[in-house]
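Asks: Got a structure here, written out as structure tokens. Questions coming.
The values are calculated or read from the model by the stated rules, or taken from the named source; none is laboratory data. None of the values given here were measured: they were computed from a predicted structure. Cβ placement follows ideal geometry from the backbone for every residue including glycine, while neighbour counts extend to all protein chains displayed. Protein only, heavy atoms only, side chains kept; ligands, DNA and RNA dropped before computing areas. Shrake-Rupley method; radii C 1.70, N 1.55, O 1.52, S 1.80 Å.
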Amino acid sequence: YFREVFFRALCYSYERSSLKEQYKIDKYIKNYQKDSLKNYINKNNISRIEKESLVRFGSHSKTHRHLSKLSNSELKKEIINSKNDLEKNLAIKIKDFCYPYGRNSDIGRNAFIKVSQNYKSSVLSCPNLPENINNLNNKNNHIFFPRISINKNISIDLFKKIIKNHVNYIKNNI
């Protein structure tokens with residue numbers, strides 16, 4: 001889970017970095033891989049990466065459920081307990097939330113309110129706020145970002161093409 005989040009965040013940051021910064025990031029990656037069990041990101045790596053401000057870690061919920069379908073007590077577990085667990089286990093401050101799935105139908109009004117109350121910002125992969133959320137006062141600090149779906153079956157050539165198209169989309173739409 002953390003490896004996927006780290007990889008996406010790193011790709012986003014890397015593409016927007018100067019050549020000098022890219023060399024620095026490459027150096028850090030090599031060092032972290034030496035420390036990681038089978039090159040997976042771990043607690044030690046996360047603390048080091050966070051301290052060096054390469055990326056910022058956030059919550060993606062506790063068990064990756066469709067938040068619009070959950071009761072208030074289940075939302076608390078998914079949204080608040082996820083943040084508390086990450087902060088406790090990683091010894092870092094979690095300020096951001098990325099909605100699982102991120103489509104309009106997956107967010108839910110109660111989930112949006114709970115995220116707004118507990119996080120500084122959130123990321124949604126839908127193009128705009130759902131209608132049932134759009135009229136709320138606490139809709140600031142939410143980023144709309146197209147989602148990239150990557151899995152182990154994607155070749156490196158296809159991955160490069162996806163990243164290139166994604167960067168072009170962002171340049172033209174954000």
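Asks: Not counting ligands, DNA or RNA, and with a 1.4 Å probe, what is Lys77's accessible surface area in Å² rounded to the nearest 10?
Replies: 110 Å²
Asks: At 0.36 nm per residue, minus the direct Cα-Cα distance, what do Leu19 and Arg109 gain on full extension? Give it in nm, one decimal, please.
Replies: That pair, Leu19 and Arg109, stretches by 28.2 nm at full extension.
Asks: Of Lys62/Lys83; Lys20/Lys161; Lys51/Lys93; Lys24/Lys51, which sit over 18 Å apart, Cα to Cα?
Replies: From the list (Lys62/Lys83; Lys20/Lys161; Lys51/Lys93; Lys24/Lys51), the Cα-Cα distance tops 18 Å for Lys20/Lys161.
Asks: While we're here: As a test of reading the structure, rank Ser82, Ser125 by solvent-accessible area (1.4 Å probe, protein chains only), most first.
Replies: Reading off the accessible areas and sorting them downward yields Ser125, Ser82.
Asks: Still on this structure, I have one more. Going by accessible area, probe 1.4 Å, with all protein chains left in place, what is the ranking of Ile79, Ile113, largest first?
Replies: Accessible-area ranking of Ile79, Ile113, largest first: Ile113, Ile79.
Asks: Moving to a separate point now. How much accessible area per residue does the stretch 66-122 have, in Å², with a 1.4 Å probe?
Replies: Accessible area per residue, the stretch 66-122: 48 Å².
Asks: Could you report the accessible area of Tyr23 in Å², rounded to 10, computed with a 1.4 Å probe on the protein chains as they sit in the structure?
Replies: Only protein atoms counted, so the area is about 150 Å².
Asks: Here is a further query. Given H placed on each backbone N at 1.01 Å, which residues far from Ser59 in sequence or on other chains put an amide H within less than 5 Å of it?
Replies: Asp96, Phe97, Cys98
Asks: What residues have an amide H closer than 5 Å to that of Leu124, excluding those fewer than 5 places away on the same chain, when H is modeled at 1.01 Å from N in the peptide plane?
Replies: The answer is Ile143, Phe144, Phe145.
Asks: Let me ask something additional. Work out the FRET efficiency for Arg48 and Leu158 from their Cβ-Cβ distance, taking R0 = 25 Å, and round it to the nearest 0.05.
Replies: So the FRET efficiency works out to roughly 0.20.
Asks: At what distance in nm do the modelled label points of Asn81 and Asp26 sit from each other, each positioned 7 Å from its Cα along Cα→Cβ?
Replies: Output for this residue pair reads 4.4 nm.
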